[in-house]
Structures are given as C-alpha cells and as structure tokens.
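Below is one structure; the comments refer to it alone.
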Amino acid sequence: MAILKILNKKDPILRKQSRPVEEITPRIIRLLDDMRDTLHKAEGAGLAAVQVGVLRRVVLVETEPGELYELINPEIIYRSEERQQQAEGCLSIPDEWGITDRPMTVTVRAQNRSGEWYEVTGSGLKARAFCHELDHLDGVLFTDHVVRMLDPEELE
Ligand code: NI
C-alpha cells in the first residue's frame, strides 16, 4: 500500500483518454489499493487512475465514509432528466470550486476487482461524483463545463 502523488491540472496527462482494463491483474489490484489509500489521505470523494498518472479506466467513489465503490471500465447507463446545480471540486484542482450542472441521478455499470459486472445508482452528491470521475477517464475536468466558479467566501 502506498500514497500516490496526485497530478495537478496543469499536467497534460489529465487531458488524455484512459484505456479499458482488459484483465484484472495483480497490478490493477495494487492500483486500487493504492488509490484507496491516496483518496483517504486526501479526504476526497473520488479519484480516477489518471489523476495518479495511470491511463486506465479505473475510478473510486466514496461519498459516504466506508461506502467505497471500485469502478473498473465504468459507463453511465442511465441519466435522470432532473438536473442539479451544486458546488464541485477536484483533488487535481485544489482550492477551486464551481457550480456544475449534472443529472440528479445516474446509474453506472462497472466491474469490481473480481471482474464481476454490477450496477450502482446514486443521487445528489453520489451522482455528481460518478459523473465527475468518469469525465476524468475522457480527459474532462469539471472546470471545462462549470456553470460558474465560486469565490472562496461563498464556500462557508
Ligand atoms: Ni477530479
């Protein structure tokens, strides 16, 4: 287990497309474990492998402490018509927050570390986190489609 370095938004790797995981090797398991430790240390709600410099379609989401989703090759298979506009940040963009426009509810289909496909549905913060982390796999940052950035005073 290890704490990995989280890349900053200026790093061009964050703009690249992540590749599917074809086989869940011990290296992928180690990546998941290291990403979990890194996410907990940073006290974030989610982390994509590209943020630690690995261009693979792997993300973690943990919006409730202890409820950690490991998502390998994830895709969004349902987006509600209802939308939400809430504050969002990113571990690669420290100290910047903005309002994004996202579906209120999404369903994600992904593989777990055993390679089994599963589906998870989340609303509110969890839906935002799924959308945000999956965007990372396609080189998209929340600041690309922010409704407006927030002043620091607005965060209180
Ligand atoms: Ni992010």
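The values are calculated or read from the model by the stated rules, or taken from the named source; none is laboratory data. Source: prediction; values computed, not measured. Note that each Cβ is placed from the backbone with ideal geometry, even for glycine, and that neighbours are counted across all protein chains shown. Protein only, heavy atoms only, side chains kept; ligands, DNA and RNA dropped before computing areas. Shrake-Rupley method; radii C 1.70, N 1.55, O 1.52, S 1.80 Å.
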Practice task
Would you tally the residues in segment 107-141 being hydrophobic (A, V, I, L, M, F, W, C), surrounded by fewer than 21 Cβ atoms within 10 Å (Cβ to Cβ) and without any contact (Cβ under 8 Å) to a residue 40 or more places away in the chain?
Solution key: 2
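Of the residues Ile28, Ile6, Ile76, Ile72, which is in a loop (DSSP other than H, G, I, E, B) and β-branched (Val, Ile, Thr)? Working first, answer last.
Details: Ile28 fails: in a loop (DSSP other than H, G, I, E, B); Ile76 fails: in a loop (DSSP other than H, G, I, E, B); Ile72 fails: in a loop (DSSP other than H, G, I, E, B).
Among Ile28, Ile6, Ile76, Ile72, only Ile6 is in a loop (DSSP other than H, G, I, E, B) and β-branched (Val, Ile, Thr).
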Problem - Residues (among the charged types (D, E, K, R) and within 16 Å of the ligand (Cβ to nearest atom)) located in segment 94-112 - result: Asp95, Glu96, Arg102
Problem - Residue that is under 29 Å from Arg30 (Cα atoms) and in contact with a helix residue (DSSP H, G or I) (Cβ under 7 Å, 6 or more places away or on another chain), where the choices are Leu68, Leu134, Leu125 - result: Leu68
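Of the residues that sit in segment 142-156 and are within 14 Å of the ligand (Cβ to nearest atom) and not in a helix (DSSP H, G or I), which one is least open to solvent (accessible area, probe 1.4 Å)? Outline the logic, then answer.
Initial filter on segment 142-156 (within 14 Å of the ligand (Cβ to nearest atom)): 142-146.
Cutting the leftovers down to not in a helix (DSSP H, G or I) gives us 145-146.
Values: His145: 66, Val146: 38 Å².
Looking at residues that are within 14 Å of the ligand (Cβ to nearest atom) and not in a helix (DSSP H, G or I), I get Val146.
Could you tell me which of the residues Pro94, Pro103, Pro74 is surrounded by fewer than 13 Cβ atoms within 10 Å (Cβ to Cβ) and either in contact with a strand residue (DSSP E or B) (Cβ under 7 Å, 6 or more places away or on another chain) or not β-branched (Val, Ile, Thr) (or both)? Before the answer, list the steps.
On the way: Pro103 fails: surrounded by fewer than 13 Cβ atoms within 10 Å (Cβ to Cβ); Pro74 fails: surrounded by fewer than 13 Cβ atoms within 10 Å (Cβ to Cβ).
Checking each option against the conditions leaves just Pro94.
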Handout entry: Of all residues making up segment 8-38, the number that are open to solvent by less than 50 Å² (accessible area, probe 1.4 Å), under 17 Å from the mean Cα position of the chain (by Cα) and of a type in the set (S, T, N, Q)
Key = 2
Fill in the blank from the handout: Of the residues in segment 87-116, those that are small (Gly, Ala, Ser) and over 16 Å from Leu155 (Cα atoms) come to Ser92, Ala110, Ser114, Gly115
Practice task
For Val59, indicate whether it is part of a strand (DSSP E or B) and closer than 15 Å to Asp138 by Cα.
Solution key: yes
Handout entry: Only listed residue being farther than 23 Å from Thr121 by Cβ and within 13 Å of the ligand (Cβ to nearest atom), chosen from Leu60, Leu55, Leu91
Key = Leu91
Exercise for the section: Please state which of the following conditions Leu60 fails to meet, knowing it meets all the rest: (1) within 28 Å of Asp151 (Cβ to Cβ); (2) open to solvent by less than 10 Å² (accessible area, probe 1.4 Å). Expected result: (1)
Practice task
Inspect all residues belonging to segment 33-44 and state whether any of them is free of Cβ contacts under 8 Å to residues at least 60 places away in the same chain, touching a helix residue (DSSP H, G or I) at 6+ places or on another chain (Cβ under 9 Å) and either assigned to a strand (DSSP E or B) or small (Gly, Ala, Ser) (or both).
Solution key: yes
